[in-house]
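Reviewing the structure listed below.
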Amino acid sequence: TGLSSATSATPTCTPVQTTTYTVTSVLGDCTYSQQVTVTVQSCNPATDGQAGVISTDADFICSGNSVTATAVGAVLNVVDGVPDVLAYALHNSPNGDITIPGFTIYDANTTGIFSNDGAYLTNTTLYISSIVADDDGTGFPDLADPCISVSPGYPVVFLTPVQIVVNEACDWLVGDYHVTIAIFGGYPAFDAGSSYSVAGDFFGSLAQGENVEIIFPEGSTTSYAFFVSDAAGCSDQAINEEFVCYKTPVELLNYTGKVLP
């Protein structure tokens with residue numbers, strides 16, 4: 001069944017079910033036979049597992065936070081005594097096709113939780129897919145299962161940490177304290193059209209890398225605080241609880257002059 005020729009030296013076979021083929025060679029009184037079984041597995045959506053689609057609790061993940069993915073509509077079955085298992089993969093393909101050239105899995109687990117601890121690419125769109133396939137014996141889906149089911153990739157972005165860069169200087173001539181801040185990282189580092197919200201000793205919005213100078217007159221305060229957040233909820237703060245800046249007193253020690261005509 002499914003054999004192109006019964007007598008050809010190089011037959012091809014296209015079986016529709018698992019079939020055992022026997023090849024026999026006869027030369028004089030010598031006969032040699034060998035068998036090969038071609039296993040055909042027919043994938044049936046009604047009985048094979050389905051990966052469903054992914055939903056997450058976050059699209060943009062701040063540094064130190066995690067994203068939790070859930071496979072909605074996933075179906076796990078048992079076929080021929082082999083159970084399906086579900087896992088999650090973080091990768092670089094929007095359609096979740098694990099067979100395409102360049103497909104890269106950055107991490108995979110059975111919990112669907114991926115933490116922004118600096119291990120993944122940042123400010124880059126990555127994708128999470130659910131995978132359902134036969135158990136490979138370790139509790140993880142067998143990626144070589146011909147009936148593997150992989151969901152389309154759900155886009156997520158792991159953001160770099162929000163960081164407030166502070167430069168301070170005292171004007172000893174007048175006693176004013178100058179503080180310049182600039183902010184980097186977070187969502188605006190991914191989307192240049194977004195900005196940071198700043199509160200504390202400065203209220204307003206700043207773009208990534210934009211500087212603002214705040215001047216504290218002599219005697220007005222000895223501390224400052226800045227609180228920053230972005231559209232993704234990423235944040236940072238800069239607090240100095242005690243700085244010293246005052247006008248340096250000058251005492252005239254002597255004076256000389258010359259009369260000119």
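The values are calculated or read from the model by the stated rules, or taken from the named source; none is laboratory data. Given the structure is predicted, the values throughout are model-derived calculations rather than measurements. Neighbour counts run over all protein chains shown; Cβ positions are idealised from the backbone, glycine included. SASA here: full protein model, heavy atoms, side chains in, ligands and nucleic acids out. Shrake-Rupley method; radii C 1.70, N 1.55, O 1.52, S 1.80 Å.
Per residue, segment 115-220 exposes 46 Å² of solvent-accessible protein surface, assessed with a 1.4 angstrom probe and all protein chains in place. In segment 1-108, a dipole from Cβ-located charges (positive for Lys and Arg, negative for Asp and Glu) runs towards its positive end, and of V75, T12, V38 it is T12 whose Cα lies farthest in that direction. Restricting segment 114-200 to chymotrypsin sites (Phe, Trp or Tyr not before Pro) that sit in a DSSP loop and have at most 12 other Cβ atoms within 10 Å of their own Cβ leaves W172. When shorter helices are ignored and each DSSP H run of at least 4 residues is given -39500 (n - 2.57), the per-residue value for the chain at 222 nm works out to 0 deg cm²/dmol. Select one label from (i) 125; (ii) 299; (iii) 199: the one whose number is volume of the Cα convex hull per residue in Å³ as derived from the coordinates shown. Given (i) 125; (ii) 299; (iii) 199, the structure-derived one carries the label (ii). Simple point charges give the picture: +1 on the Cβ of Lys and Arg, -1 on the Cβ of Asp and Glu, and for the chain a dipole about the Cα centre of about 500 debye. For segment 199-261, chymotrypsin sites (Phe, Trp or Tyr not before Pro) are listed when DSSP marks them as loop and at most 11 other Cβ atoms sit within 10 Å of their Cβ; the list is F203, Y255. Only one residue of G118, F103, S197 has its Cα farthest out toward the positive end of the dipole of the chain, where Lys and Arg carry +1 and Asp and Glu -1 on Cβ, and that residue is F103.
Per-atom-type breakdown for the chain gives carbon and sulfur 53% of the accessible area (1.4 Å probe, protein chains only).
Please report how far the C-alpha centroid of segment 90-162 lies from that of segment 168-214, rounded to the nearest whole angstrom. One Cα centre to the other: 38 Å. Note on the chain: GNM, Cα springs under 10 Å; of D230, D80, D117, the largest mean-square fluctuation is that of D80.
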